[in-house]
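Chemist: Please read through the structure below; I'll follow up with questions.
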Amino acid sequence: MSQLNRLKSAITLADFARLINFKPSALSYILYKKLAATNYQIFEIPKRNGGTRTIKAPTDELKRVQRNLSILLQDCLDEINKMDKRKDRISHGFMRERSILTNAKEHRNRRFVFNIDLEDFFPTINFGRVRDISLKTIGLHLRSAWRT
């Protein structure tokens, strides 16, 4: 069965945990039991133009969940692109075999390049937004809380 079909058929947290190579109890603990604030290490780094930037880095266990989920989603995206006979050249952030260098290469020798930085982008992403996009793009029916 393809990764995309396995993801679409995941009904319980246990199904999903197995997809990302986690024990269901460990994933449940990270998502529901552990205090959200303890999933991140918070520190500041200096900005080039003065001031500081606050960094909220995930703990190793949360980073592992995120990395495994990223691999699964990129596999699914590859399947979708293959089915639709598409080659995505636009997305570079958090993409396999893509980097700031491959992004810059796409813009080389262009007369104009528009560059923006969305302030506080990640804190604006919530479960509802992820759910809506998942439903519209791949038909994934996420629940706000899985049965275990």
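Where a number appears in this text, it was derived from the coordinates with a stated rule and is not lab data. As the structure is a prediction and not an experimental result, all values here were calculated from the model. Neighbour counts run over all protein chains shown; Cβ positions are idealised from the backbone, glycine included.
Chemist: Can you pull the percent of Cα pairs in the chain with separation above 24 Å?
Modeler: Numbers: 5101 of 10878 pairs.
Result for the distance tail: 47 percent.
Chemist: Sticking with this structure for a sec: Based on the Cβ-Cβ distance from Ile71 to Arg111, what FRET efficiency comes out when R0 is 41 Å, to the nearest 0.05?
Modeler: Details: r = 37 Å, r/R0 = 0.91.
So, using R0 = 41 Å, E works out to roughly 0.65.
Chemist: Between Ile20 and residues 5 or more places away or on another chain, which pairs have amide H atoms under 5 Å apart, with H built 1.01 Å from N, and which residues are they?
Modeler: Hits under the 5 Å cutoff: none.
Chemist: Once amide H atoms are placed 1.01 Å from N in the peptide plane, what residues at a sequence separation of 5 or more from Tyr40, or on another chain, have their amide H within under 5 Å of its amide H?
Modeler: Thr59
Chemist: Okay, helix-only estimate at 222 nm for the chain: each DSSP H run of n ≥ 4 adds -39500 (n - 2.57), divide by all residues, round to 500 deg cm²/dmol; what do you get?
Modeler: Calculated from helices alone, the mean residue ellipticity at 222 nm is -12500 deg cm²/dmol.
Chemist: How long is the gain from Lys82 to Lys33 if the chain were fully straight, where each residue apart is worth 0.36 nm and the alpha carbon distance is subtracted?
Modeler: 13.8 nm
Chemist: Please tell me the relative contact order of the chain in percent, rounded to the nearest whole number, where contacts are Cα pairs under 8 Å and at least six residues apart.
Modeler: Working: 96 pairs, mean separation 36.2, N = 148.
Computed over the chain, the figure is 24 percent.
Chemist: Please compute the net charge surrounding Glu44, taking Lys and Arg as +1 and Asp and Glu as -1 over other residues with Cβ under 11 Å from its Cβ.
Modeler: Neighbourhood net charge equals +3.
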